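See structure below.
The values are calculated or read from the model by the stated rules, or taken from the named source; none is laboratory data. Keep in mind that this is a model prediction, so the values were computed, not measured. Virtual Cβ from ideal backbone geometry, glycine too; neighbours counted across all protein chains shown.
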Amino acid sequence: MHAVGIPQEIRDRIAKRRGRFEIFDRLDAKKTALAVIDMQKAFVAEGAPVEVPLARGIIPNINRMADALREVGGTVAWVTTALTDAEGAHPWTVFYDHFTTPEFARAHLAAMTEGSELHGLADGLDVRPEDLQVSKDRFSCFIQGSSPLHDVLRDKGIDTVVIAGTLTNRCCESSARDAMMIGYKVVFVEDANAAVTDDEHVWALINIASAFGDVRRTDDVLGMIDG
């Protein structure tokens with residue numbers, strides 16, 4: 001996992017504006033969901049087309065938080081990306097036409113096709129039958145039309161989302177931003193998210209702490225859970 005975090009001078013600046021760096025001190029388990037984003041083989045497995053090597057190191061922390069929340073009645077949601085329908089169509093025309101090479105687009109779409117070998121959740125994740133499994137077709141699982149997660153969590157009375165997974169600076173950051181803007185309290189877990197580089201990881205953490213949620217470590221989250 002990443003061994004870096006938000007520099008102290010930036011933490012101090014954020015704390016001055018917010019009143020303190022961390023806002024949320026307690027997680028009511030029955031109103032809290034751990035959203036584990038895109039921990040699929042396509043991102044986690046060695047040699048995968050969108051491999052994030054450091055994502056393999058966050059699996060134990062994700063499992064620890066999932067187990068702790070379940071024990072006291074919290075919700076665990078495994079969110080995966082699926083981008084193609086039965087005819088092979090996908091919703092990301094601008095992304096694939098302008099932000100990828102044709103070769104990357106083919107490999108990415110193949111990996112993100114439901115039922116493909118790389119689409120499944122990574123080895124080592126402790127997924128239980130009582131957990132939610134939700135599919136999304138955008139970077140953010142909370143943007144309108146992307147997934148049913150918001151409706152499911154709203155029906156369960158969830159008001160707080162703990163974000164873990166990969167990539168820190170893409171799907172995880174996008175989901176955290178949108179979650180806050182539709183009314184969730186957000187806790188973004190520093191040592192349970194992973195990006196390709198330390199710089200990308202840290203800048204995403206700074207963005208979240210600046211305006212969208214708390215940035216905490218796994219041990220902090222475990223200590224905050226109140227059943």
Quiz item: Just one of Ala15, Ala55, Ala68 is at pLDDT 95 or above and over 21 Å from the mean Cα position of the chain (by Cα); which is it?
Solution: Ala15
Quiz item: In the stretch 169-227, what residues are charged (D, E, K, R) and in contact with a Phe, Trp or Tyr (Cβ under 9 Å, 6 or more places away or on another chain)?
Solution: Arg170, Glu173, Arg177, Asp178, Lys185, Asp214, Arg216
Practice problem: For the stretch 153-200, enumerate the residues that are of a type in the set (A, V, I, L, M, F, W, C), under 18 Å from Asn61 (Cβ atoms) and either assigned to a loop (DSSP other than H, G, I, E, B) or more than 13 Å from the chain's Cα centre (by Cα) (or both). | Solution: Leu167, Ala195
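One line per residue, one yes/no per condition, for (1) at pLDDT 95 or above; (2) out of contact with any Cys (no Cβ under 9 Å at 6 or more places or on another chain):
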{"residue": "Arg128", "(1), (2)": "yes, yes"}
{"residue": "Asp137", "(1), (2)": "no, yes"}
{"residue": "Gly145", "(1), (2)": "no, yes"}
{"residue": "His150", "(1), (2)": "yes, no"}
{"residue": "Asp159", "(1), (2)": "yes, yes"}
{"residue": "Ser175", "(1), (2)": "yes, no"}
{"residue": "Tyr184", "(1), (2)": "yes, yes"}
{"residue": "Thr197", "(1), (2)": "yes, yes"}
{"residue": "Ala204", "(1), (2)": "yes, no"}
Exercise. Any chance you could count how many residues in the stretch 201-226 are among the acidic types (Asp, Glu), in a helix (DSSP H, G or I) and under 17 Å from Arg20 (Cα atoms)?
Key: 1
Exercise. Restricting attention to the stretch 182-199, report how many residues are in contact (Cβ under 8 Å) with a residue 24 or more places away in the chain and surrounded by fewer than 16 Cβ atoms within 10 Å (Cβ to Cβ).
Key: 3
Quiz item: helices (runs of 4 or more DSSP H) wholly in the stretch 1-97 with at least 2 residues that are of a type in the set (Gly, Ala, Ser) and either under 24 Å from Ala179 (Cα atoms) or in contact (Cβ under 8 Å) with a residue 24 or more places away in the chain (or both) - which ones?
Solution: 59-71
Quiz item: Any residue at all in the stretch 101-108 that is more than 29 Å from Ala68 (Cβ to Cβ), surrounded by 13 or more Cβ atoms within 10 Å (Cβ to Cβ), among the hydroxyl-bearing types (Ser, Thr, Tyr) and out of contact with any strand residue (DSSP E or B) (no Cβ under 9 Å at 6 or more places or on another chain)?
Solution: no
